[in-house]
Structure formats: C-alpha cells, structure tokens
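Visitor: Got a structure for you, written out below as structure tokens; questions coming shortly.
The values are calculated or read from the model by the stated rules, or taken from the named source; none is laboratory data. This one's a predicted model, so the numbers in the text were calculated from it and none came from an experiment. Cβ: placed from backbone, ideal geometry, glycine included. Neighbour counts: every protein chain shown.
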Amino acid sequence: MMTLDTDRATGFEIEVPPAQLRGGKVAADEIKMRVSGLDFYYGSKQSLFGINLQVLTNHITALIGPSGCGKSTFLRVLNRMYETLPHTRAEGDVRLDDEDILIMDPVNLRRRVGMVFQRPNPFPKSVFDNIAYGLKVNGTHGRAALQEKVEKSLRRAALWDEVKDQLHKSAYALSGGQQQRLCIARALAVDPEVLLLDEPCSALDPIATAKIEELLFSLQDQCTQIIVTHNMQQAARVADFTGFFLLGKLIEYNKTDIIFKTPAKKETEDYITGRFG
Amino acid sequence: MLARQSWRKFVNYFMFSLTGVCALVAVGILFFILGYLVWNGGSSLSWAFLTHLPTPVGESGGGMANAIVGSGKLLLLASLFGVPIGFLGGVYLAEFGGRALPFVVRYTADLLNGIPSIVMGIFAYTIVVLPMKHFSTFAGGLALGVMMIPIAVRSTEEALHTVPLVLREGALALGTSKWRTIATVVVPAARKPIVTGIILNIARVAGETAPLLFTAFSNRFWSPGWNQPTASLPVMVYTYAISPYEDWHRQAWAAGLVLLTLVLVANLIARLSVSGRTAH
C-alpha cells in the first residue's frame, strides 16, 4: 500500500493499493485536481464550506449525497460552469495539475476539463456536426481530419455501430441513451484531461444506464472522471473513490469500498444504509 | 336562496354572451374590412394595375407598379438599416445582460416603440431631407428603419430567451468562447422565432404612411436609385383616396388590397415557418 499526501485541513488519508494503479503505470498516482478550502456562494448564501479533495489521474471519482448537498455545485466549480449563473462566487484554491483554475482563462480550462450534463443536450445539428463542433472550435479543420476524429470519438463512446448510417440525421432523432452517449462522444472528441459527469444517467432507463456505465469504465485509462450521482449503486459499481457531501460539506472521502463497507463517519453510514436522504 | 341562484345563473349567461358577442365583433370587423376591400378594389385589380405607371389625371386605367416597387425598396432599405441594429441589440440584451445597461436599453426600446410614427417622420425629415434639400427613398427607408429597431430588439431578445441554458453550457463546456457559442449554437437554435419576428416587423412597417409623407414623398413615375422621391403603396392609398376622381378611389381600394395581401402573406409565411419542425 502506498499512502498519498495527507490532506492538511481534514486529515483524510487516501490509500491507493497497487492493484488500482492500472498495471503499475506511474502516471496513475498523480493528483489531477487538488481542491483546498473551497467556499462557494450563491449571492449571500453560502453553499459549499471549506471543501478539500484530491482527484487522482485516470481514476473515477464519484460524489454522492442527498439533493441540494452541493455536489453538483462542486462539480461546476471544477470547470467554472457556475459562471453562467449570475451572482455566484468561488473562493479557495482549486488546481488542475499545478495551475490555479480560478484565475485561468475559463475557455482554456474548459478545453481541458470537459462536462456531460444531467439531461442529454445535443446541439440542434446532425450527429456528425455535434461531434465536429468541438473539434472545429479547437482547431481541427478539413473534411478528412474531421471525419476521422468523429469516427474515433463515436467509437470511443461505443456509439459508432448504432449511428454510422445516420451521421447526417438530426441528433434529436436518437434515443435518450444514444443522445447522452453522443454528448459523451462530443466531450471526448476534444481529448479532455478531466471529464465531469453531472448525474449523466438520471434521465435514462436501466439499460441505457448500464451502457453508459460500461462506457465510463472503458474510458478510465484515458481520462480522469468525476461523476455526481444520486444512485449509490452506480457509485459503488463504477467509482474508484467516493466522496459523500452533506449540507455543503464534504463529510467523507475515501476508496469506494471503504465508504460503502466501513465508513468512518456516522452521517455516511446513515446515508448509504438509507436511514435518511 | 332561489332568487340568488337564478341571479347567479343570469350573470353567468350574460357575461358568457357578452364575451362571445365581443369576440364575434372583433373577428367580424376584420372580415368586414377584408370583404369591403375585395368588393371595392377587386374590380380595379388587374395585371395592368400591377405592371403600369399611373396615368395622367383625367385618363382612366393605369396602375401602381412604381408604388409597389417603391414600397419594396423602402422596406429593403428599412430592413438593412433596422434589422442588424435591432438584432445585435437584442443579442446584447439576452446574452450579455449585466444589470443597469440592459434595463436602460430595454426601457429605451419600449419608449422608442411608443413614439408616434409621424414624429419619426419629422425626425427623418430634419436629419436627412432638410440637409439634402429633397425627398428621397433613402430618407423614407431611414424613417421606417428606425421604427423597426425597437421591435427587432425585443423580438430577438425573446427568441434567444427560448434557448435552454443547457445548450449554451454544452457549447461552453467544450471550450467555446461566449461569442462563438452565441453565433454558432444559440442564434441557430432560435433561428425560426428570430426570422418570424423580422417578417412580422417588416409587415408592420409596410403599412406606415405618416413618416413617408414628408420623407419619401411620392412620385408619379419610376424612381431610379435611392436619391429621389418615390411612390409607395400606403401614400398612394392616401393620395388617391382624397382625390376627387371616382377612378382613383377604386384604385386606392385596389392598392389597399395589394398592401393587405402582402401583409397577410408575410404573416402566413411567418406562422408557417414557426409551426414547421423545430428539430432539424
């Protein structure tokens, strides 16, 4: 067992067993994002309180907790998407590798930290153009290059076989689950280092959900994923690490099996055993 | 008890009938006007009316081809002037709204919308006609264009507000700049209501007469270029209707019918473009 940097403020210690290092690749134990003392405000109302959390490179981290606990808000700090809402403010230290994201150019930040939303939100364009959009924005031009990258992204999102004959049809003609995988493909197309997923399965049926989970699992070597979910089984199934939020505070953060089997905090245990929330 | 109950029933039926009658009157007036126009103008409406110049006083026949083309040119100029300004102003209101400035812009647009059209005419007269020392298509187009701005601002703003936030966020999340998100995702998604707003806006100013009386003035001949007085349908209706000639009266009705038909067709196109498929 190797032990990572102990968090100063909360004293959470994250132990990463060698088995989780994906065949001993050194890069895997790097910290991709490091959040220290994060406070967040909607106007004068504070909704996150002193969050400290480290996200490991090429692992899946799940954030769970009851509605309104701040987990989605937290996710939206990591790519500064909260800025689309007026009167919001984040204070603290949030780093991507070693760069302070709160002073970074948000456009550059979002090119490196992608996001998938609660409801599938394909653009009112064709399947092809949905994927090509982000590529063009990020400087890929030329029919052949675009075609190659679109196919690659759709294959990565396990959607190619289902849509290869309808690339030029409207994305709205796809089913909800396909639309969500299209949105994941769209995010993957620009090769993000981190992928934020905000309850990506909440609008989907169990079969579509299973496909998304499989997809996330297959992507774990390629990018760092942080997933907010209401569904505790989902966290248990896909995540290497799990954080439990309650009333704007990060109550506990550890390896997923520890959170679900031997949580340290009473609140965590109450939540995962369904005694509240 | 019983009296109160029957009183209540009476009031109920009375109000129901009253609202029904008023609705009928509202619709009836429209059809009455339409019918009256067709009745009076239909007989003068002919191919010659649409393709010939007005005849000299005293000669019967002739048409209003110059007024139809003149109206077209005035509306084109007005759109070129009013639509871009109104559209971009609307984009600003919907997308870059801070707090103070959008309020000022919105309030000003509403006030501008309330300015009587004749006042808009004096404005164009003073700004363009007096310095140039003659009436022109350009002055008329400018007056109509200014009238289009406030509605273009508000209809664009409302159209953009119908685009859900998640669509903007989807584009922003890919590292798209705000301006590019607006230009390539938000505006295309709101294309239909924006186009509808523009068409209805054009249809509205198409019938404006007052500002044209002393800007575009009128003309009994073709008006080449943009720098001379021009005939237009609304002004022709006015001039012909107050003339003492029976034949001109009928032509005024015909011009009114043409104008109304153009406006109705524009409305129809606008409605059809909205009711079409919203997804592509």
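Visitor: Among the residues of the range A:255-277, which ones are under 25 Å from A:Leu196 (Cα atoms) and either assigned to a helix (DSSP H, G or I) or modelled with pLDDT of 95 or more (or both)?
Guide: A:Thr256, A:Asp257, A:Ile258, A:Ile259, A:Phe260, A:Thr268, A:Tyr271, A:Ile272
Conditions tested, residue by residue: (1) assigned to a helix (DSSP H, G or I); (2) modelled with pLDDT of 95 or more; (3) surrounded by 20 or more Cβ atoms within 10 Å (Cβ to Cβ); (4) among the polar types (S, T, N, Q).
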| position | (1), (2), (3), (4) |
| --- | --- |
| A:Ala208 | yes, no, no, no |
| A:Leu216 | yes, no, yes, no |
| A:Ile227 | no, yes, yes, no |
| A:His230 | no, no, no, no |
| A:Gln234 | yes, no, yes, yes |
| A:Tyr253 | no, no, yes, no |
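Visitor: Output the helices (runs of 4 or more DSSP H) that fall wholly within the range B:1-98 and possess 1 or more residues being among the charged types (D, E, K, R), or say none. So that I can check it myself, show each step before the final result.
Guide: Numbers: elements: B:2-41, B:47-51, B:65-95.
It comes to B:2-41, B:65-95.
Visitor: If I ask for residues that are small (Gly, Ala, Ser), more than 15 Å from the chain's Cα centre (by Cα) and in a helix (DSSP H, G or I), which ones from the range B:110-152 would you list?
Guide: B:Gly121, B:Ala124, B:Ala139
Visitor: Among the numbered criteria (1) touching a residue at least 24 places away in the same chain (Cβ under 8 Å); (2) in a helix (DSSP H, G or I); (3) buried (at least 18 other Cβ atoms within 10 Å of the Cβ), which single criterion is violated by B:Tyr240?
Guide: The number of the failed condition is (1).
For every residue, the table says whether it meets (1) under 22 Å from B:Leu53 (Cα atoms); (2) surrounded by fewer than 21 Cβ atoms within 10 Å (Cβ to Cβ); (3) not hydroxyl-bearing (Ser, Thr, Tyr).
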| residue | (1), (2), (3) |
| --- | --- |
| B:Phe217 | yes, no, yes |
| B:Arg220 | yes, yes, yes |
| B:Gln228 | yes, yes, yes |
| B:Ser232 | yes, no, no |
| B:Asn267 | no, yes, yes |
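Each row is one residue, and each column tells you yes or no for (1) without any contact (Cβ under 8 Å) to a residue 24 or more places away in the chain; (2) under 23 Å from B:Val265 (Cβ atoms); (3) out of contact with any helix residue (DSSP H, G or I) (no Cβ under 9 Å at 6 or more places or on another chain).
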site: B:Gln5; (1), (2), (3): yes, no, yes
site: B:Phe16; (1), (2), (3): yes, no, yes
site: B:Ile29; (1), (2), (3): yes, yes, yes
site: B:Pro54; (1), (2), (3): no, no, no
site: B:Leu77; (1), (2), (3): no, yes, no
site: B:Val83; (1), (2), (3): no, yes, no
site: B:Gly86; (1), (2), (3): no, yes, no
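Visitor: Next question. So, in the range A:255-274, how many residues would count as being surrounded by 14 or more Cβ atoms within 10 Å (Cβ to Cβ) and within 23 Å of the chain's Cα centre (by Cα)?
Guide: 9
Visitor: Further, regarding this structure: Give the range A:79-100 a look and list any residue that's in contact (Cβ under 8 Å) with a residue 40 or more places away in the chain and more than 11 Å from every other protein chain (Cβ to nearest Cβ), or say none.
Guide: Once the filter is applied, which keeps residues that are in contact (Cβ under 8 Å) with a residue 40 or more places away in the chain and more than 11 Å from every other protein chain (Cβ to nearest Cβ), the range A:79-100 yields A:Thr88, A:Arg89, A:Ala90, A:Glu91, A:Gly92, A:Asp93, A:Val94, A:Arg95, A:Leu96, A:Asp97.
Visitor: Condition check: touching a strand residue (DSSP E or B) at 6+ places or on another chain (Cβ under 6 Å) and over 13 Å from A:Val194 (Cβ atoms). Does A:Gln147 satisfy that?
Guide: Taking the combined requirement at face value, the residue does not satisfy it.
Visitor: Here's another thing I want to ask about it. If you check B:Lys192 against the conditions, is it closer than 19 Å to B:Gly89 by Cβ, of a type outside the set (A, V, I, L, M, F, W, C) and in contact (Cβ under 8 Å) with a residue 12 or more places away in the chain?
Guide: no
Quick grid of which residues meet (1) at pLDDT 90 or above; (2) under 21 Å from B:Ala171 (Cβ atoms):
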| residue | (1), (2) |
| --- | --- |
| A:Asp98 | no, no |
| A:Val113 | yes, yes |
| A:Tyr133 | yes, yes |
| A:Gly139 | no, yes |
| A:Ala157 | no, yes |
| A:Ser170 | yes, yes |
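Visitor: Name the single residue, out of those in the range B:153-197 being within 31 Å of the chain's Cα centre (by Cα) and not in a helix (DSSP H, G or I), that is farthest from the other protein chains (Cβ to nearest Cβ).
Guide: For the range B:153-197, the residue satisfying everything is B:Thr162.
Visitor: So which residues in the range B:64-107 are modelled with pLDDT of 90 or more and β-branched (Val, Ile, Thr)?
Guide: Correct list: B:Ile68, B:Val69, B:Val83, B:Ile85, B:Val91.
Visitor: Take the residues in the range B:57-109 that are crowded, with 20+ Cβ neighbours inside 10 Å and more than 21 Å from the chain's Cα centre (by Cα), then tell me which one is nearest to B:Val186 (Cα to Cα).
Guide: In this case the residue turns out to be B:Ala94.
Visitor: Then there is this: Please verify whether the range A:189-197 includes one or more residues that are under 24 Å from A:Lys125 (Cα atoms), out of contact with any Asp or Glu (no Cβ under 9 Å at 6 or more places or on another chain) and surrounded by fewer than 22 Cβ atoms within 10 Å (Cβ to Cβ).
Guide: Yes: one or more hits.
Visitor: Just one of the numbered conditions (1) out of contact with any strand residue (DSSP E or B) (no Cβ under 6 Å at 6 or more places or on another chain); (2) of a type outside the set (A, V, I, L, M, F, W, C); (3) in contact (Cβ under 8 Å) with a residue 12 or more places away in the chain is not true of A:Thr262; which one?
Guide: Answer for A:Thr262: the failing condition is (3).
Visitor: Further, regarding this structure: Pull up the range B:37-63, narrow it to residues that are among the polar types (S, T, N, Q) and closer than 20 Å to B:Ser243 by Cα, then point me to the one that is modelled with the lowest pLDDT.
Guide: Among those residues, the one meeting the criterion is B:Ser60.
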